[in-house]
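**Q** Below is a structure I'd like to ask you about.
The values are calculated or read from the model by the stated rules, or taken from the named source; none is laboratory data. Source: prediction; values computed, not measured. Note: ideal-geometry Cβ built from the backbone for every residue, glycine included; neighbour counts use all protein chains shown. Note: accessible area is taken over every heavy atom of the protein model, side chains too, but ligands, DNA and RNA are not part of it. Shrake-Rupley method; radii C 1.70, N 1.55, O 1.52, S 1.80 Å.
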Amino acid sequence: AKPTQFDNERQVGLGRGMKRAIRTGRILMGAALAGLLPSVAQAEPAPLAASLDYIGSVELRPDRGELSAGWTIQILDGSLNEISLALSSTFGTAAVTGGAIVQLTSQLQADEARRLYQITLAPPDADAPRLIRFAYGGPLSLPPINSIDARKVELTVDGGWYPYQPGLTTRLTAQVGVQIPGDWTPIVIDEVQPAGPGYRIRQNDPSFDIAM
């Protein structure tokens, strides 16, 4: 959702599907995200297990229109033996490591807006989690749909700012810490609470992506 425009005020635009903590000056944000649940007419559906769990750290540089990020992705679904994840091509080629990786290839997609990382996964190990790590940085790909500048920060899957599965069909959970210089105003759909020098934003409804 795009934030409402306010003159002389810098903003962080926030989408749905979140459980976050934001601190002004040094913003720290934690998020919980679930993929779409099937609709059931008569009864509540049983909770669906997440296939992936993301833990991330992102630094935003509004003066340069850039971000740098690192993610640890745990493969929770033992039936997965391969996975494809996409990122904005403006980040170049990300550093992708982790004990879960048997084979890794990457290539630009046809429109050259995304780089696709195709990963063959190691079998599940009862003694160790299956982990993939991404590290990358650079400018955002799709202003003004998504933007990082001195007045507004808006991030959704359209900008390819985090490694996502094309098709957006996989259920996942996520926590992300975000740092940004200066004082910012969060604009959200759901609950906002003060948390130290900033805010905690909580939204547990299912959503398509990690948006803020």
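**Q** If R0 is 22 Å, what FRET efficiency do you get for Gln118 and Thr72 from their C-beta distance, rounded to 0.05?
**A** My answer for the efficiency is 0.70.
**Q** Full-extension gain between Leu80 and Arg61, please, as 0.36 nm times their residue separation minus the C-alpha to C-alpha distance.
**A** This chain segment gains 3.3 nm when fully extended.
**Q** Enter the accessible area of Arg115 (Å², nearest 10), with the probe set to 1.4 Å and all protein chains included.
**A** About 40 Å², rounded to the nearest 10.
**Q** Another question, if that's okay. Can you sort Glu191, Glu66 by 1.4 Å-probe accessible area, starting with the largest?
**A** From most exposed to least exposed: Glu191, Glu66.
**Q** What residues have an amide H closer than 5 Å to that of Ala113, excluding those fewer than 5 places away on the same chain, when H is modeled at 1.01 Å from N in the peptide plane?
**A** The list, which skips near neighbours in sequence, is empty: none.
**Q** Report the calculated FRET efficiency for Ala110 and Ile145 (r = Cβ-Cβ distance, R0 = 30 Å), to the nearest 0.05.
**A** Between Ala110 and Ile145 the formula returns 0.95.
**Q** Among Ala122, Gly92, Ser106, whose Cα lies farthest out toward the positive end of the dipole of segment 75-164, if unit charges sit on the beta carbon of Lys, Arg (+1) and Asp, Glu (-1)?
**A** Towards the positive end, the residue furthest out is Gly92.
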